[in-house]
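Novice: This is the structure, below, for whatever I ask next.
The values are calculated or read from the model by the stated rules, or taken from the named source; none is laboratory data. These numbers come from a predicted model, not from an experiment. When we count neighbours, we look across all protein chains shown, and the Cβ atoms used for this are built from the backbone with ideal geometry, even at glycine.
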Amino acid sequence: MDLKIAGKLAFVSGSTKGIGHAIAVGLAREGVRVILNGRSQASVDAALAKLKEQAPGAQAEGFAGDVSDAVQVAELVKRFPSVDILVNNMGIFDPKPFEEISDEEWLRFFNANVMSGVRLSRAYLPKMKEKNWGRVVFISSESGIQIPVEMIHYGLTKTAQLALSRGLAETCSGTNVTVNSVLPGPTSSEGVTEFAEKLSGGKSLKDFEKQFFEEARPTSILKRFITPEEIANTVVYVCSELSSATNGAAVRADGGVVKSAF
């Protein structure tokens with residue numbers, strides 16, 4: 001299927017690994033020129049090399065910088081003044097009891113998970129409106145609907161992303177610019193391995209996965225961790241010309257964790 005986005009320019013924050021990298025690869029395979037992003041030049045260079053193996057002939061560039069930092073976002077925009085597709089994927093998570101989450105940690109999570117998307121959208125959305133075409137996608141989470149007790153601060157930021165994306169979509173009324181959120185369920189990214197190590201009590205990843213879906217996410221229909229590529233398939237569609245009727249939406253790719261028909 002031709003998603004009709006060949007030749008577009010996309011910036012995917014936090015795209016050197018995991019879901020972000022899978023999204024970048026998916027877009028590149030559709031002929032999109034992709035800007036990869038990570039905090040270090042080494043991670044960006046490695047991700048570029050990997051992407052070009054996964055999507056031969058891909059047009060890809062890199063930006064090494066922390067998009068939770070306003071100064072570095074300004075540097076990004078100076079280098080790339082406009083993009084057609086913006087995927088706000090960069091985010092952090094860490095399981096921690098509520099009583100142990102300090103004020104500084106709350107602010108760090110909000111700045112990384114919410115304000116990075118605020119700054120990037122503020123920079124790129126106006127020019128999308130001028131061109132009368134654009135796609136902004138926030139990678140939220142099922143945790144934004146069902147707040148996880150093991151990381152309430154993370155869940156709060158994912159709920160905030162849903163509000164932000166819906167509000168921004170309202171500002172695009174009557175245009176060919178869409179703003180949506182995609183809500184992954186528990187996904188087998190590199191970060192999940194670290195997450196499992198903290199919560200598993202020494203169990204193998206396979207045993208942890210089984211226990212996790214029995215106890216922590218019992219409503220999952222899939223009963224396994226989702227692959228980054230499965231999330232990317234949904235995101236790439238939402239970024240496409242074919243998704244023009246999807247706007248202001250929270251699109252679930254959660255494996256059925258959210259127990260609701262709506």
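Novice: Condition first: part of a helix (DSSP H, G or I) and aromatic (Phe, Trp, Tyr). Now tell me which residues in region 236-262 satisfy that.
Specialist: 237, the sole residue that qualifies.
Novice: Out of the residues in region 36-82 that are aliphatic (A, V, I, L, M) and assigned to a loop (DSSP other than H, G, I, E, B), which is nearest to residue 119 (Cα to Cα)?
Specialist: Within region 36-82, the match that is nearest to residue 119 (Cα to Cα) is 67.
Novice: Of all the residues that make up region 136-177, how many are within 16 Å of the chain's Cα centre (by Cα) and of a type in the set (S, T, N, Q)?
Specialist: Qualifying residue count for the region: 7.
Novice: Going through 102, 121, 82 one at a time, which residue ends up being among the hydroxyl-bearing types (Ser, Thr, Tyr) and exposed (fewer than 14 other Cβ atoms within 10 Å of the Cβ)?
Specialist: 102
Novice: Residues of region 201-228 being surrounded by fewer than 17 Cβ atoms within 10 Å (Cβ to Cβ) and in contact (Cβ under 8 Å) with a residue 40 or more places away in the chain, which ones?
Specialist: Within region 201-228, 216, 219, 227 qualify.
Novice: Of these, 107, 51, 76, which one is surrounded by fewer than 14 Cβ atoms within 10 Å (Cβ to Cβ) and either modelled with pLDDT of 95 or more or under 19 Å from residue 189 (Cα atoms) (or both)?
Specialist: When all the criteria are applied, what remains is 107.
Novice: Tally the residues that are among the acidic types (Asp, Glu) and closer than 14 Å to residue 129 by Cα, restricting the search to region 71-85.
Specialist: Looking only at that region, the number is 1.
Novice: Quick check on region 239-255. Is at least one of its residues more than 30 Å from residue 134 (Cβ to Cβ), crowded, with 21+ Cβ neighbours inside 10 Å and either out of contact with any Pro (no Cβ under 8 Å at 6 or more places or on another chain) or without any contact (Cβ under 8 Å) to a residue 40 or more places away in the chain (or both)?
Specialist: Looking through region 239-255, none of the residues is more than 30 Å from residue 134 (Cβ to Cβ), crowded, with 21+ Cβ neighbours inside 10 Å and either out of contact with any Pro (no Cβ under 8 Å at 6 or more places or on another chain) or without any contact (Cβ under 8 Å) to a residue 40 or more places away in the chain (or both).
Novice: Based on this model, can you work out whether residue 63 counts as closer than 24 Å to residue 232 by Cβ, at pLDDT 95 or above, under 18 Å from the mean Cα position of the chain (by Cα) and hydrophobic (A, V, I, L, M, F, W, C)?
Specialist: Values: closer than 24 Å to residue 232 by Cβ: yes; at pLDDT 95 or above: yes; under 18 Å from the mean Cα position of the chain (by Cα): yes; hydrophobic (A, V, I, L, M, F, W, C): yes.
In short, yes.
Novice: Of the numbered conditions (1) assigned to a loop (DSSP other than H, G, I, E, B); (2) over 25 Å from residue 109 (Cβ atoms); (3) touching a residue at least 60 places away in the same chain (Cβ under 8 Å); (4) of a type outside the set (A, V, I, L, M), residue 233 satisfies every one except a single condition; which is it?
Specialist: (1)
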